[in-house]
Amino acid sequence: MTLINRIAEKRIYQNLKLVGYQIRANRDEPLYIRLDVEGTEATDWDHTTPDLPWEQKETLEYKDGDIRIDGAALPGIHRFSLTKTYRETETTYLQLHYTHDTEHPLNNRLAIETLTLTFGNRLRFTCTDLTCRSFDANTDNAAEILIVRRFRVDGTVFIETCNPKGEWERVE
């Protein structure tokens, strides 16, 4: 059950099904998290449904070094997006944007065994068995070559949160 409490609308959604999600950000900016859900059962709150207290927490941001390949920080990633859909088939793609550098660890890399995205030491995504599906290079107006690599996650995606004791717990 999901409760939506907006100023002009208070709705209760039941029997929702997660059909996909996307996490994306530019470096040094807040994460954008979108959950795609399906469901048809929604009702208005009645007068007996209490208002839920709002607890504001620190906004999660994407910082350089938050993405790691096999434990080593992946530097220079300007933008990323991780998109998963649960339709006819379960499909996950990771897209990475970075400036061309002859020494960049992604150069000529067609597969990644394990990649982790950790944000604010509170939220972590671990992807296994990634395969490069596309590569694109463009020149921006500053004459930099911008690389976009898109990887399909052929293994698993684990989502973990860090509890107050500092222990990572898998979200099921």
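For Cα Rg over 2.2 N^0.38 Å, the listed values are (1) 1.62; (2) 1.03; (3) 1.22; which was obtained by calculation from the structure presented? Among (1) 1.62; (2) 1.03; (3) 1.22, the one calculated here is (3). Taking Cβ atoms as reference points and 10 Å as the exclusive limit, the residues near residue 111 contribute a net charge of -2, counting Lys and Arg as +1 and Asp and Glu as -1.
Compute the FRET efficiency between residue 78 and residue 44 as 1/(1 + (r/R0)^6), taking r as their Cβ-Cβ distance and R0 = 30 Å, and round to the nearest 0.05.
0.10
When you filter the GluC sites (Glu not before Pro) in region 24-133 for DSSP loop state and at most 13 other Cβ atoms inside 10 Å of their Cβ, you are left with 55, 58, 88, 103. With K and R counted +1 and D and E -1, the other residues having a Cβ less than 14 Å from that of residue 133 yield a net charge of +1. With contacts taken as Cα pairs under 8 Å at a separation of at least 6 residues, the chain carries a relative contact order of 17 percent. Take the Cα of residue 69, step 7 Å toward its Cβ, do the same at residue 108, and the gap between the two points is 1.2 nm.
Positive end of the dipole of region 44-119 (Cβ unit charges, origin at the Cα centre): among 86, 119, 107, the Cα lying farthest that way belongs to 107.
Full extension of the chain segment joining residue 146 with residue 159 gains 1.8 nm, where the gain is 0.36 nm per residue of separation less the Cα-Cα distance. Please tell me the relative contact order of region 123-172 in percent, rounded to the nearest whole number, where contacts are Cα pairs under 8 Å and at least six residues apart. Across region 123-172, relative contact order equals 39 percent. Taking 7 Å steps out from each Cα toward its Cβ at residue 139 and residue 32 produces label points 2.8 nm apart. Between residue 101 and residue 13, the modelled label-to-label distance comes to 4.0 nm, taking each label 7 Å out from Cα in the direction of the beta carbon.
Highest mobility in the GNM of the chain, judged by mean-square fluctuation with C-alpha springs under 10 Å and restricted to 18, 117, 60, is found for 18. Give the residue from 30, 59, 40 lying farthest towards the positive end of the charge dipole for the chain; charges sit on Cβ (+1 for Lys and Arg, -1 for Asp and Glu) and the dipole is referred to the Cα centre. Value computed over the given set: 40. Here's how it looks for residue 62: its modeled amide H is under 5 Å from those of 28, 29, 31, which are all 5 or more places away or on a different chain.
The local environment of residue 79, defined by Cβ-Cβ distances under 10 Å, has a net charge of +1 under the rule Lys, Arg +1 and Asp, Glu -1.
Any read-out appearing in this document is the output of simple, stated calculations on the displayed coordinates, not a laboratory observation. Owing to the predicted nature of the structure, the values given are computational and were not obtained by experimental measurement. Heads up, the Cβs are rebuilt from the backbone with ideal geometry, glycines too, and the neighbour counts pull from every protein chain shown.
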